[in-house]
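First the structure, in the form of structure tokens, and then the observations on it.
The values are calculated or read from the model by the stated rules, or taken from the named source; none is laboratory data. Treat the numbers as computed from the prediction; the structure is a model and nothing was measured. Heads up, the Cβs are rebuilt from the backbone with ideal geometry, glycines too, and the neighbour counts pull from every protein chain shown. Side chains are part of the model used for accessible areas, which takes the heavy atoms of the whole protein and leaves out ligands, DNA and RNA. Shrake-Rupley method; radii C 1.70, N 1.55, O 1.52, S 1.80 Å.
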Amino acid sequence: LTVGPAALASNSADVTKALAGFTALELPAKAANLVAKASTADKKNVAVAAVKAAVALDPSAVTTIVSAVARENPAMAPVAAVTAATLQHKQIGLITKAAVAAAPSEVAKIVAALIKEFPKDYGVIAIAAAEGAPSAGREILAVVAEYVPALQALIQGATANNGNVAVLAIISQALASGFAVSTTVPQPTQPVAPIIPSLSAPGITPAPFVPLGTVVTYTTTTLEPPGPRPYAR
């Protein structure tokens, strides 16, 4: 569901021409209609291009455009929301609310797509989604917990009972505590090599070299009994 620069440019020229002749009031419905008529294989690309072209023609209607596309094409609501938020990031909260309200069955996918693309805005996205779909608080918080692991304990505790879930209160508490989405992919821990003690061979002091034929005199402090000595051995 992530919309990259290449996708934003897909079919934009043709879609812009198709929408150029309509008034501001007609634009959202015509953009949604273009997406609805697209084939299954092309629907995502057409949705991206239609939202991009319509917003370019009337930036002030960004939320209305997203709402129209999402309502007529619920499966494309995440794509429409991410595309619009990429173009008008300052209105990400209003865009989220419009998309969720128009396609409440896709609330989890919309929130997941937006947080994945704009992780630092998880608080704004979650609160806006809850405003657009008040009954989907648990779904919204489940998505937030997935993308912000540090909030899992807080969210699990807040959703333990079967009562209503106050998304605003929970997210506000999380933001006040400084929880944020980690954008760094954790690296696998390198195994620590065991420390092997350094063992050295026992030192051997060689005997002094004695040339063949040299008479060697041995002295001892003990009295040796008379008799032969096994020098050959």
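Observations, loosely collected:
- Note on A29 and E131: the extension gain reaches 34.4 nm, defined as 0.36 nm multiplied by sequence separation minus the Cα-Cα distance.
- Fraction of accessible area attributable to carbon and sulfur, the stretch 82-149 (%, probe 1.4 Å): 56 percent
- Listed residues Q152, L27, L94: farthest to the positive end of the dipole of the stretch 1-157 (Cβ charges): L27
- On a per residue basis, the stretch 33-82 carries 38 Å² of accessible surface, using protein heavy atoms and a 1.4 Å probe.
- Derived scalar couplings between HN and Hα for the stretch 120-136 equal 5, 9, 4, x, 4, 5, 5, 5, 5, 5, 5, 5, x, 9, x, 7, 9 Hz in order, rounded to whole Hz, by the Karplus curve 6.51 cos²θ - 1.76 cosθ + 1.60 (θ = phi - 60°), x for Gly and Pro.
- Within a straight-line Cα-Cα reach of under 23 Å, K109 can be paired with the following lysines, leaving aside sequence neighbours fewer than 8 residues apart in one chain: K37, K43, K44, K52, K90, K97, K120.
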